[in-house]
Amino acid sequence: MPSAVVVGAGIFGGSLAHELVERGWDVSLVDRYPPGHVRAASSGESRLIRAAHGSDTWYVRSVRRAWERWRRLEEETGASLLEPCGVVWLAQSETGWEAESERVLAAEGVPTERLAPDDASSLFPSFSGDDLAFCLLEPAAGVLRARDATRAVVSLARSKGARFVGGEARPAPDGGVDVEDERLTADVVVWACGAWLPAIFPAEARLRVTRQEVLHFGAPIAWETPPVPAWVDYDAAFYGVGDLDGRGVKVCPDREGPDFDADRDSRAPSEQAEADARAYLARRFPALADAPLVFSRVCPYALTGDTNFLVARHPEQPRVWLLGGGSGHGFKHGPSLAEYVAGLLESGDEPDERFGLGERRPGASLRTAGTPSD
Ligand SMILES: Cc1cc2nc3c(=O)[nH]c(=O)nc-3n(C[C@H](O)[C@H](O)[C@H](O)COP(=O)(O)OP(=O)(O)OC[C@H]3O[C@@H](n4cnc5c(N)ncnc54)[C@H](O)[C@@H]3O)c2cc1C
């Protein structure tokens, strides 16, 4: 039986542990905190799942596979993880990300509906789209209950035989993993450590970790999701979702924030993020401009230079792999990315070059057009 140690029980590591144990591997999954813990990127209340990725097809296909896998996980666990409320793209030009997405999704057989901004106003209790060229509705999209999903995937992996090891892991000189006083060894070791990966492998994992804020505003029940869809304003670098599970309307300023230490830096909300979110609400969803802030989170992005993920063999230790660089859009891919990585581990094939350790050439961001703040 092949064996693996997976370090990191976020959605990347947790999904991989589940995938491998399902394929008959002997799996140890290590984390220094309980799955779904508040510091991890995978512990947000919700994460968007959408197929649109501009001109790219790899990620479109990955999301389509992931959607099926998420549904299967719901059946297996009995948990409600995916809310298919749709995602509306707010296009500021006729020729940008949304038009490219529309073209590619049509070619891939993914349904979309083009709406005039006035027609899109029927989707939200309050909406102003005067500045928009058009809106693109992806009906087969929505949101995932991220923290619930992370905990469910890890529980399922454990119920199928994965061993959970609690403690801080360090790379051992022989390619194994030291956790407290124990050395774990296996045929394959995968480090899926999210925002912590660059500190563990500074020479190899060239990721920038940034501080991102998520704000939830109290709103009348007409804002409940579903039916209110999620939305992405790609060029304005804002996205959000209606009131899911009574936590308020979520609004995220998506410009890449300042560098962030996920262990030590403050997670208190900033006045600037609230002011930015309110200015956006006043423009796009005017009735919410003065809504009370009811809930907020600070969460780390682990960014590659081009927002493609990181899936790579360690250059000096061929049985050690690095998995991360979710770049603010990785969650939805968890189960399909795990399927992809497990396939590589079993076949010995090398990953697609785009996921490599080398220099990345910045292109169109796969998240929004959010750029560094400074
Ligand atoms: C604000 C925000 C909004 C986002 N929105 C979306 C969205 O709408 N849609 C979407 O698809 N994605 C979104 N993402 C991205 C998505 O959340 C991440 O890509 C994904 O959760 C990354 O998962 P991960 O497993 O790589 O990292 P994490 O979830 O951070 O997990 C890493 C784990 O490794 C563990 N670990 C680290 N070091 C060690 C060690 N030495 N020993 C033991 N354990 C260790 C940590 O404790 C942690 O549990 C968003 C991210 C943020 C921050």
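The values are calculated or read from the model by the stated rules, or taken from the named source; none is laboratory data. Remember, it's a predicted structure, so these values are computed and weren't measured experimentally. So basically every Cβ, Gly included, is an ideal-geometry build from the backbone, and we count neighbours across all protein chains shown. Surface areas here come from the heavy atoms of the whole protein model, side chains and all, with no ligands, DNA or RNA. Shrake-Rupley method; radii C 1.70, N 1.55, O 1.52, S 1.80 Å.
Spacing of the modelled spin labels on D26 and E359, each 7 Å from Cα toward Cβ, amounts to 4.4 nm.
If you sort S43, S55, S122 by accessible surface, 1.4 Å probe, largest first, the order is S122, S55, S43.
Compared with the dominant principal axis of the Cα atoms in the chain, helix 11-22 is inclined by about 50°. Solvent exposure of V298, expressed as accessible area, is near 10 Å², computed with a probe of 1.4 Å over the protein chains only. A convex hull fitted around the alpha carbon atoms of the stretch 229-374 yields 150 Å³ per residue. Placing unit charges on each Cβ (+1 for Lys and Arg, -1 for Asp and Glu) gives the stretch 1-78 a dipole about its Cα centre, and among S42, A9, V21 the Cα reaching farthest toward its positive end belongs to S42.
Restricting the count to DSSP beta bridges whose residues both fall in the stretch 1-149, what percent are antiparallel, rounded to a multiple of 5? Intermediate values should be presented prior to the final figure.
Values: 13 of 19 bridges.
Of all bridge pairs located within the stretch 1-149, approximately 70 percent are antiparallel.
Backbone amide hydrogens, once placed in the peptide plane, bring L29 within less than 5 Å of V6, R163, F164, V165, excluding anything fewer than 5 places away on its chain.
Could you please report the charge total around T225, scoring K, R as +1 and D, E as -1 over all other residues with beta-carbon less than 12 angstrom from its beta-carbon?
Combined, the nearby Lys, Arg, Asp and Glu give -2.
A straight line joining the Cα centroids of the stretch 264-286 and the stretch 331-370 runs 31 Å.
Expressed as a whole percentage, what fraction of the accessible surface of the stretch 172-270 belongs to carbon and sulfur atoms when a 1.4 Å probe is rolled over the protein heavy atoms?
Values: 2040 of 3940 Å².
Answer for the stretch 172-270 is 52 percent, counting heavy atoms of protein chains only.
The alpha carbon centroids of the stretch 94-127 and the stretch 164-241 are separated by 29 Å. Here the translational diffusion coefficient of the chain follows from Stokes-Einstein with Rh set to the Kirkwood radius across Cα pairs; for 20 °C and 1.002 mPa s it amounts to 102 µm²/s.
Helix 97-107 and the longest principal axis of the Cα set of the chain meet at an angle near 70°. Across the stretch 160-177, computed HN-Hα scalar couplings (Karplus, 6.51 cos²θ - 1.76 cosθ + 1.60, θ = phi - 60°) run 9, x, 5, 9, 8, 10, x, x, 7, 9, 10, x, 8, x, 8, x, x, 10 Hz from first to last residue, x flagging Gly and Pro. Using a probe of 1.4 angstrom and keeping all protein chains present, the accessible surface of the stretch 266-374 works out to 43 square angstrom per residue.
Each label was represented as a point 7 Å from its Cα along the Cα-to-Cβ direction; for E100 and R283 these points are 2.1 nm apart.
So what is the calculated 222 nm ellipticity per residue for the chain, using -39500 (n - 2.57) for each DSSP H run with n of 4 or more, over all residues, to the nearest 500 deg cm²/dmol? Spell out each step's value before the answer.
On the way: 8 runs with 93 residues, N = 374.
Helix-only estimate at 222 nm: -7500 deg cm²/dmol.
With axes computed from alpha carbons, what is the tilt in degrees of helix 146-159 against the longest principal axis of the chain, rounded to the nearest 10 within 0 to 90? With rounding to tens, the tilt is 30 degrees. Taking every protein chain into account, the accessible area of the stretch 1-49 amounts to 28 square angstrom per residue (probe 1.4 Å). The phi torsions of the stretch 126-135, fed into the Karplus equation with coefficients 6.51, -1.76 and 1.60 and a -60° offset, translate into couplings of 8, 7, 10, x, 4, 8, 8, 7, 6, 10 Hz, rounded to whole numbers, with Gly and Pro shown as x. Report for the chain the percent antiparallel among DSSP-assigned beta bridges with both residues inside it, nearest 5. Given both bridge residues lie in the chain, the antiparallel proportion sits at roughly 65 percent.
Leaving out ligands, DNA and RNA, what percent of the accessible area of the stretch 1-46 is carbon and sulfur, probe 1.4 Å?
53 percent
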